[in-house]
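Scroll down for the structure; my scribbles are underneath it.
The values are calculated or read from the model by the stated rules, or taken from the named source; none is laboratory data. In this text the structure is predicted, and so the values were computed from the model without any measurement. For neighbour counting, all protein chains shown are included, and Cβ atoms are generated from backbone atoms with ideal geometry for every residue, glycine included.
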Amino acid sequence: MNTQNIILSSRVRLARNLADTPFRGVNTAPIAAKAMGALRTIGGYTMYPMTALDPLEQMRYVERHLISKELIDSAGSAIIRDDDKVCVMIGEEDHIREQCIMSGLQLKDAYDELKEVDKTLRGTFKFAFDDVYGYLTACLTNVGTGMRASVMMFLPALSLTGSLNRCISGVTRLNMAVRGVYGEGSKAEGYVYQISNQKTLGITESEIVSSVENVATRIVEAELRAREALIQADPAGLKDRILRSYGTLCNCNLISKSEFMDLIAFVKLGIYYNMLECTDWNALESLVTRIQPASLCLDCGRRLDGSERDLARASMCDEIHTFITRKGG
Amino acid sequence: MLCQKCKKREATGYMEKTVGGVKTRVYVCPECFKQAQLEMFSSLDDFGLFSGLAGSQNTRVKCPKCGTTLREITESCFVGCPYCYTELAEHIKPIIRNVQSAAMHIGSRPDDAPNNAEIADLEERLSRAVASENYEQAYKLKERIRQLKGGKQ
C-alpha cells in the first residue's frame, strides 16, 4: 500500500490582492480578463466567468475541488489550466487566489507549479504587499505568505477505531487545521479529511510545505497502525462488512450519496486488506467524483431530483465489478 | 472559607486574576469554578478572542480609506482594504499577533528583494546575542542576515 491511497491529493493556494484596491465591492471582470491574458502566455488556460455557467456546471467544478462555493456566491471567474491542475480564482475572498492540485503527496511540486503562475501574475499586477506583514489579504488569517497547503486524506481506520479525535487534537496543537473534505465548515464524508496549515505569517513557504508534509506522513503512519488494530480486533466482522459493502454497491437499485461514500470506503479498505482486488485505482477515484450530484446530472444530460439521482448512481455502480473483484478465500 | 463568587458554598480552591497589573486570588467553590471555566471557554470563540484585544474604542475607529470600522475587523477578522493594515496598524497588530502567533513576514516577496524589515529585526537580535555572549546564536543570525542580504545561500 503506498501513501497515495491514504493521501488522496495535495493542494497549495496563494492569496493575492491588488495594491491600492478595496478587497470587496470591486468589479473583478477586468482583473479576470487581464489575468487571463497573462496566463495565456504560459500555457493552455480557459476562463469561466461564474455568470456564464449553468448552476450544475458551477457545482461540478466544486465537486472536483477546482473552485470554492464562495466563488459562485461572489460571481467571480475561474481560470483553469487545461490539465485541471491549476486554477486561478478571481473575485473570491481575495482578488486573486492561485491554486494547484495534484494527486498523492506532492505539495512541493504543487508549490513549484504555482511559483510560475505567481511570477506571471506579479508581472501583470502590482500586488498589495507590506514590508512587515507580507502579502496583504482580506482575512487576517491569511496575511503574510497568503499560503494554504493542504492534503486530502482517507482515514477510515482512525475514525472506526475512535482514535481520530486524539489525532485531530494532536494535529491542531501543531498549528494545523482538520476539516471535512469540501473545505471550511463541511462534514467529513467517506472518512476523507483535509489537513492544512493555520499559520501564514512568520513562516516561509517552504516551511509551510514541509510542516504539512511531515504531519501528513505521521497521520499516514497512525492510519496504518489503526488499520492493523482494526483487523486484529475483529477479522471476521470486518471482512463481513467489507464484502457486504462490495455486494451492496454492485447489487443495488437506489443508493444515496452518503451511503455510497460509506460503502466505497469499506471497499477501499477491502482492497488494502487484499480481500478485494482493484485493477484500476483511477477508475475508482473517478467514480467517486462522478456520483456527486451535479456531476451525475451533467452525465445524464439533465437535472435529476433526489430519487432519480439515487437510481442513476446505482446504475453507475454496476461498473464497479469490472475493475474490482473479490479475491479467493 | 466561603466562596467569594456565590458567597453561599464552601470554597475549595482559588483562581488567579490579574487586574491592573495586580495579581489577586479569588477563592471559589467547585460550582463557581466550573462556571468560570465554561465562561472562559465560551469566550474563546472568534468574536470574543478578537474583540477582547481591541478594547472599547473599537466602535469609533475606522479606516479613513475604506471606512471599515475596527469593530467590524475585530468581529470578523476581515479588513476592508490594504490601507487598513497601515491606517489601523496599532489596533491590528495585536490581533494579527494573536491569530498568527507571529508579527512579521519572512516568506517570499513580490520583487525577490531582501526583506528589510526582517533584516533589521535580525540585526537587533544579533546585537543582543553578542551582548549576552551567546555566540552560537549570533553565528546563526549572522548567517541568516548574510543569506537575506545576498538573496542566495
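Just one of (1) over 25 Å from A:Thr289 (Cβ atoms); (2) modelled with pLDDT under 95 fails for A:Glu189. It is (1). Being outside any strand (DSSP E or B), more than 10 Å from every other protein chain (Cβ to nearest Cβ) and among the aromatic types (Phe, Trp, Tyr) is the filter here; which residues of the stretch A:132-157 pass it? Selection gives nothing.
On the phi > 0 side of the Ramachandran plot, in contact with a Lys or Arg (Cβ under 9 Å, 6 or more places away or on another chain) and in contact (Cβ under 8 Å) with a residue 60 or more places away in the chain: is that true of A:Gly104 in this structure?
Values: on the phi > 0 side of the Ramachandran plot: yes; in contact with a Lys or Arg (Cβ under 9 Å, 6 or more places away or on another chain): no; in contact (Cβ under 8 Å) with a residue 60 or more places away in the chain: yes.
Judged against the criteria, A:Gly104 is not a match.
Within the stretch A:160-176, the residues that satisfy the criterion of being at pLDDT below 90 and of a type outside the set (Val, Ile, Thr) are A:Gly162, A:Ser163, A:Leu164, A:Asn165, A:Arg166, A:Cys167, A:Ser169, A:Gly170, A:Arg173, A:Leu174, A:Asn175.
Among the residues of the stretch A:115-125, those that are out of contact with any Ser or Thr (no Cβ under 8 Å at 6 or more places or on another chain) and more than 8 Å from chain B (Cβ to nearest Cβ) comprise A:Lys115, A:Glu116, A:Val117, A:Asp118, A:Lys119, A:Leu121, A:Gly123, A:Thr124, A:Phe125.
Could you say whether any residue in the stretch B:77-86 is modelled with pLDDT of 90 or more, assigned by TED's automatic domain parsing to the domain that holds B:Cys63 and loosely packed, with under 15 Cβ neighbours inside 10 Å?
The initial filter retains those residues of the stretch B:77-86 that are modelled with pLDDT of 90 or more, namely B:77-86.
Retained after the next criterion (residues that are assigned by TED's automatic domain parsing to the domain that holds B:Cys63): B:77-86.
Now narrow it down to the ones that are loosely packed, with under 15 Cβ neighbours inside 10 Å: B:86.
Yes, that holds for at least one residue.
In the stretch B:72-100, of all residues being part of a helix (DSSP H, G or I), in contact with an Asp or Glu (Cβ under 9 Å, 6 or more places away or on another chain) and not aromatic (Phe, Trp, Tyr), the one that is farthest from the other protein chains (Cβ to nearest Cβ) corresponds to B:Glu75.
Among helices (runs of 4 or more DSSP H) entirely within the stretch A:231-314, having at least 3 residues that are surrounded by 14 or more Cβ atoms within 10 Å (Cβ to Cβ) and either assigned by TED's automatic domain parsing to the domain that holds A:Glu189 or over 24 Å from the mean Cα position of the chain (by Cα) (or both) singles out A:235-250.
Would you confirm, using the coordinates I've provided, whether A:Arg302 is without any contact (Cβ under 8 Å) to a residue 24 or more places away in the chain and farther than 23 Å from A:Glu223 by Cβ?
Numbers: without any contact (Cβ under 8 Å) to a residue 24 or more places away in the chain: yes; farther than 23 Å from A:Glu223 by Cβ: yes.
Yes, satisfied.
State all residues of the stretch B:87-115 that are surrounded by fewer than 18 Cβ atoms within 10 Å (Cβ to Cβ) and aliphatic (A, V, I, L, M); if no residue qualifies, say none. Of everything in the stretch B:87-115, those that are surrounded by fewer than 18 Cβ atoms within 10 Å (Cβ to Cβ) and aliphatic (A, V, I, L, M) turn out to be B:Ala89, B:Ala102, B:Ala103, B:Ala113. Against the numbered list (1) within 14 Å of another protein chain (Cβ to nearest Cβ); (2) more than 19 Å from the chain's Cα centre (by Cα), A:Leu160 comes up short only at (1).
When the stretch A:14-53 is filtered for residues that are within 14 Å of chain B (Cβ to nearest Cβ) and under 29 Å from A:Tyr193 (Cβ atoms), the ones remaining, listed by number, are A:Leu14, A:Ala15, A:Arg16.
With respect to the conditions (1) modelled with pLDDT of 95 or more; (2) basic (Lys, Arg); (3) surrounded by 16 or more Cβ atoms within 10 Å (Cβ to Cβ), A:Lys34 falls short on a single one, namely (3).
Filtering the stretch A:84-131 to residues that are of a type in the set (Ser, Thr, Tyr) and assigned to a loop (DSSP other than H, G, I, E, B) leaves only A:Thr124.
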